[in-house]
1. Quickly work out the Leu424-to-Asp126 label distance, labels modelled 7 Å from Cα along the C-beta direction, and quote it in nm with one decimal.
2. Net charge near Asn425: determine it from the other residues with C-beta under 12 Å of the C-beta of Asn425, scoring Lys and Arg +1 and Asp and Glu -1.
3. Dipole of region 71-164, Cα-centred, from +1 at each Lys and Arg C-beta and -1 at each Asp and Glu C-beta, to the nearest 20 debye?
4. Can you tell me the FRET efficiency between Phe173 and Asp264 if r is taken as the Cβ-Cβ distance and R0 is 45 Å, rounded to the nearest 0.05?
5. Where only protein heavy atoms count, and the probe is 1.4 Å, what is the accessible area per residue for the chain in Å²?
6. What dipole magnitude, in Debye to the nearest 20, does the chain give about its Cα centre under +1 on Lys/Arg Cβ and -1 on Asp/Glu Cβ?
7. Apply the Karplus parameterisation 6.51 cos²θ - 1.76 cosθ + 1.60, with θ equal to phi minus 60°, to every residue of region 435-440 and state each ³J(HN,Hα) to the nearest whole Hz, in sequence, with x for glycine and proline.
8. Which order do the peptides 309-319, 422-432 take when ranked by the mean count of other beta-carbon atoms within 10 Å per residue, highest first?
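The values are calculated or read from the model by the stated rules, or taken from the named source; none is laboratory data. Quick caveat: nothing in here was measured; it's all calculated off a predicted structure. Positions of Cβ are backbone-derived with ideal geometry, glycine not excepted, and every protein chain shown enters the neighbour counts. Surface areas here come from the heavy atoms of the whole protein model, side chains and all, with no ligands, DNA or RNA. Shrake-Rupley method; radii C 1.70, N 1.55, O 1.52, S 1.80 Å.
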Amino acid sequence: MKTSQYLILVFTLLISGSIFSQTTTSNTFSTGGLGNNNGFPPAQTQQKKTNQKGGLDDSTKVIYGPTSSRYFLEEDVFNNRKKLYTIDTLLKGFHNYSTILQRNNTYVDLGLLGTASRPLFYQAPDQLGTRIGYDAYSLYAIEPKDVKYYNTRSPYSDIYYVTAGKGQDILDFDFNRNIDSLWNVGLTLHRITSTKPLVGGTTTTGTIPNAIGHWEFMLHSNYQSKNKKYTIMGYLNRFDHNIIDEGGVARNGVPYDSLLLYDDNNAILTSANSRDTWNNVHVYHEYAGYKAFQIFQTLDYESRKTQFVDKTYSTSLTNKFYASSYLKSPASTDTLYNGFSSSTFQHKSGIKGFYKGFNYRLHFRQRILNYTNLLNNDKLSRSENFVGVWLNQYLKDSTRFFAEGEYHVGSGYRLNAELRGKWLNFGGTFFRNVPTLAQQYMYNSSYRWLNDTVSQANQLKNLQVLSFYANGTIKIKNVIFSPFASFQTIDNYIYFDQKAVVKQSTGSPIAIFRAGGTVGFQSGKFTNINNIYWAYTKSSDLIRMPAITINSRLALDILYAKVLYIQAGLELYYKSGYYGDAYMPATQQFYLQDTQYLNSNFQADIFADMRINRVRVFFKLSHANQRLLGTNGYYIAPGYAGIGRTFGFGVRWLLFD
């Protein structure tokens, strides 16, 4: 390519996002590699037979399997890493179908699959700019960094089904195939249902066929030019989440612990439900004309609609589920409605490159947000601009140092630096960002912030977070130890008080200390993995979290009749007591509460994961110790009991032709 043509292409790609925007209004445990020996035996991709003259025999066979279909991640392409992943065939952690367990119990939900969830420990936002702030169901959405882009030599399908007890079911279906050697397309279907409400009562309503119903559909594709200089990938995604909101168990003067003895408790809310839907379009493409100078661009568009309705509003007010009402005569209005629609367009365009051990990136990002309150038709439009830089240096001893920064023009910034060595990693982050839109503006019959119109939204100060962290890994023979420690200070912390109303901290910064790690041991066919978390803050009146959290797994590998691989064992979970945050479905926010102390709880799960050929199966007995140690159960969130003893079964079948 001539130099003049290359420069024209650079200019066109960098400005295309701006032009468009102007016209468009994990496994359960960190194991360090222990217990990873239960995959498929090495499979040949091709098996060729030749005749005595060296020619190709008519009996040539092509064998497809987990090693013939590989995938890559957008992050690896973005960072110039030529990395392909083989399809996961491990038994380790296969039985953990719950999204919460897949994240090491560092999140908490309301007891069943698909319910509202939040981080168990404080997490600073990871991106600058105005976020919507309705994130209770975001945990169940597929993130761009997790989308797998395949290169398959044959059609590849992945079918996954789980029946988890208590009316819970999961169905996943993936299909991928190459159109030709350069172009692949695929689709993903994800379904979660529950026919049992969280608390009790009827299992259906006239508008929602299931207590919980979740659909997600994705169509994705990737293409690379013959000279491998141009790459494009992207997806279309539809997310639809429906749930009956119950507000927790109705006490009726009965102590919370006594309610655990009964299966026919009543819910506080009797006719409330939520629906959260969005459509996403995501595209990433790059042109690598030279190693030291490449151009890239990311395009994102999202349209979203979120709604909540309580059709027995006056009764809910009488039961004091809502702290107050802005209506002059709430008794005559028997419906509370909260909802919004939004559209967001974003492009990130820039240059990048690498030379020997040095990598760099420079980018410009633009984000346009349009928001409408569906109750009063109040509207908001914002256009935000960002500039950023990323630098990375590899040293001779495999040590890596990188630093990055992004500036939100006129509003905030994010700075991050980290040194990664062979045994130890440490780094720090300084973050300053605007509050979420849910924190700045709310308008419905029971919740309105100080600003009555969305145009007044911006009365809160910017959040500031300073973080330092360190972690490492030490492996001695068959023992592994991976400790970590972190320290955070938070200024202008934004939270929701005991009345579920937004507030902001003042005075001295809030300090949070966390430490812990993974301790693992493997001897022959026996594996033991333990994750331990410790957390502390003096500001426990604002940020509440359990002091101690422990996950432990004991597993034994068994080979039966040389064809059936089995990993069976026991998983133990412990969480110390604390005043956990309550959930307000009318605003989709978690808030402080002082009425129910969540006692420490201990749970034991028994599992057996099996594989024969390309089919994996699991059997799991959750909370096997329920009512065996003198306790009736436990509450995972205020008003919501943790799931009791249940039996689950799941199967995953991989097809390669």
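1. 2.7 nm
2. Working: positive: Arg400, Arg420, Lys422; negative: Glu418.
It works out to a net charge of +2.
3. So the dipole magnitude of region 71-164 works out to roughly 240 debye.
4. On the way: r = 36 Å, r/R0 = 0.80.
The pair Phe173/Asp264 has a calculated efficiency of 0.80.
5. Numbers: 30810 Å² over 657 residues.
Accessible area per residue, the chain: 47 Å².
6. Numbers: 66 positive and 46 negative charges, 437 e Å.
Result for the chain is approximately 2100 debye, rounded to the nearest 20.
7. Per residue, the Karplus-derived 3J(HN,Hα) values read x, 6, 5, 5, 7, 8 Hz.
8. Details: 309-319: 19.5, 422-432: 15.5.
Going from most to least packed, we get 309-319, 422-432.
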